[in-house]
Amino acid sequence: MAKIEATQVSGGLSATGMRFGIAVSRFNNFITERLLTAALDALERAGASGKGVDVVRVPGSFELPLTCKKLAQTGKYDALIAIGCVIRGETAHYDYVCSETSRGLQLAQMDTGVPVIFCVLTVDTLEQAIDRAGLKSGNKGFESGLAAIEMGRLSKKLRSSATTSDATQKKARRS
C-alpha cells in the first residue's frame, strides 16, 4: 500500500504587515460594538497596526455585502470582516435579512477573491446575542479577527503558489 505524504498549507496567525477592512452594522450596536472591539483586539494582539485596519459603518446587516464587495474591489485588503447582529422578531423579515446577508457576503468573497469573514450573529433572543458577544460563548468578534488573519495569510500563500505554478507551466510549454 502506497503512503502519500500530502503537502500541508495553512494560513498562520501573524497580522504583521497585513491590511484589514471591517464593515460594522449600526443596528443592534450594543452588540456589534462588542464584536468590533474584540475583533480589533485579536488583530492587535497578532501584530496588526492601527494604520492597517479600516472600519466602515453601515446602517444594518443587509448593507454589509455591498460594502464588503466595494472594499474588496479596492485591492487594499488582505481580508475583511463583516460584523452584524440580527435578532428574530415576529415577522419573516429576520429570515430575509439573514438569508440575503449571508448569500451576499459569500458572493462578495467569491467574486473578488478576498476573504470575507462572517461575523453576523443570527439569534433568536437578545440573551443569545449577549452570550456570543462576550459572555457565556466567548466572543465571536475575537474569533472572526483570528479567522481574518488566517484566511488573509492563506489567500496570499495560495495566490503566490498559483502565480509560481502558472509561470512554471508557461515556461514548460515554451520548452
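The values are calculated or read from the model by the stated rules, or taken from the named source; none is laboratory data. If you're wondering where the values come from, they're calculated on a predicted model, not measured in any experiment. Glycine also receives a Cβ, built like all others from the backbone with ideal geometry; neighbour counts cover every protein chain displayed.
One residue is enough: does region 70-80 have a residue meeting the conditions touching a residue at least 24 places away in the same chain (Cβ under 8 Å) and within 16 Å of Asn28 (Cβ to Cβ)? Within region 70-80 (the criterion being touching a residue at least 24 places away in the same chain (Cβ under 8 Å) and within 16 Å of Asn28 (Cβ to Cβ)), the answer is no, since none of the residues qualifies.
Between Ile31, Ile87, Ile81, which is farther than 24 Å from Leu107 by Cα and in contact with a strand residue (DSSP E or B) (Cβ under 7 Å, 6 or more places away or on another chain)? So that I can check it myself, show each step before the final result.
Values: Ile87 fails: farther than 24 Å from Leu107 by Cα; Ile81 fails: farther than 24 Å from Leu107 by Cα.
Among Ile31, Ile87, Ile81, only Ile31 is farther than 24 Å from Leu107 by Cα and in contact with a strand residue (DSSP E or B) (Cβ under 7 Å, 6 or more places away or on another chain).
So which of Gly75, Gly12 is modelled with pLDDT under 95, at positive phi and not in a helix (DSSP H, G or I)? Selected residue: Gly12, the only one of Gly75, Gly12 that is modelled with pLDDT under 95, at positive phi and not in a helix (DSSP H, G or I).
Apart from one condition, Arg34 fits all of (1) surrounded by fewer than 21 Cβ atoms within 10 Å (Cβ to Cβ); (2) under 17 Å from the mean Cα position of the chain (by Cα); (3) of a type in the set (D, E, K, R); the exception is (1). Checking the stated criteria, Lys171 turns out to be part of a helix (DSSP H, G or I), of a type in the set (Lys, Arg) and either at pLDDT below 95 or within 13 Å of the chain's Cα centre (by Cα) (or both).
Taken over region 37-65, the criterion of being surrounded by fewer than 20 Cβ atoms within 10 Å (Cβ to Cβ) and assigned to a strand (DSSP E or B) is satisfied by Asp54, Val55, Val56, Arg57. Among the residues making up region 1-48, those that are free of Cβ contacts under 8 Å to residues at least 12 places away in the same chain and more than 22 Å from Lys140 (Cβ to Cβ) are Met1, Ala2, Lys3, Ile4, Glu5, Ala6, Thr7, Gln8.
Within the bounds of region 88-98, is there any residue that is under 28 Å from Gly11 (Cβ atoms), without any contact (Cβ under 8 Å) to a residue 40 or more places away in the chain and surrounded by fewer than 20 Cβ atoms within 10 Å (Cβ to Cβ)? Within region 88-98 (the criterion being under 28 Å from Gly11 (Cβ atoms), without any contact (Cβ under 8 Å) to a residue 40 or more places away in the chain and surrounded by fewer than 20 Cβ atoms within 10 Å (Cβ to Cβ)), the answer is yes, since at least one residue qualifies. Remark: pairs (first residue in region 134-149, closer than 13 Å to Ala38 by Cα; second residue hydroxyl-bearing (Ser, Thr, Tyr) and surrounded by 21 or more Cβ atoms within 10 Å (Cβ to Cβ); Cβ separation under 9 Å; 6+ apart in sequence or on different chains) = Gly141/Thr32. Selection of region 91-143 for residues being within 13 Å of the chain's Cα centre (by Cα) and part of a loop (DSSP other than H, G, I, E, B) yields Gly113, Val114, Pro115.
When each of Ala38, Ala23 is tested for being in contact with a Phe, Trp or Tyr (Cβ under 7 Å, 6 or more places away or on another chain) and either at positive phi or not basic (Lys, Arg) (or both), the lone residue that passes is Ala38.
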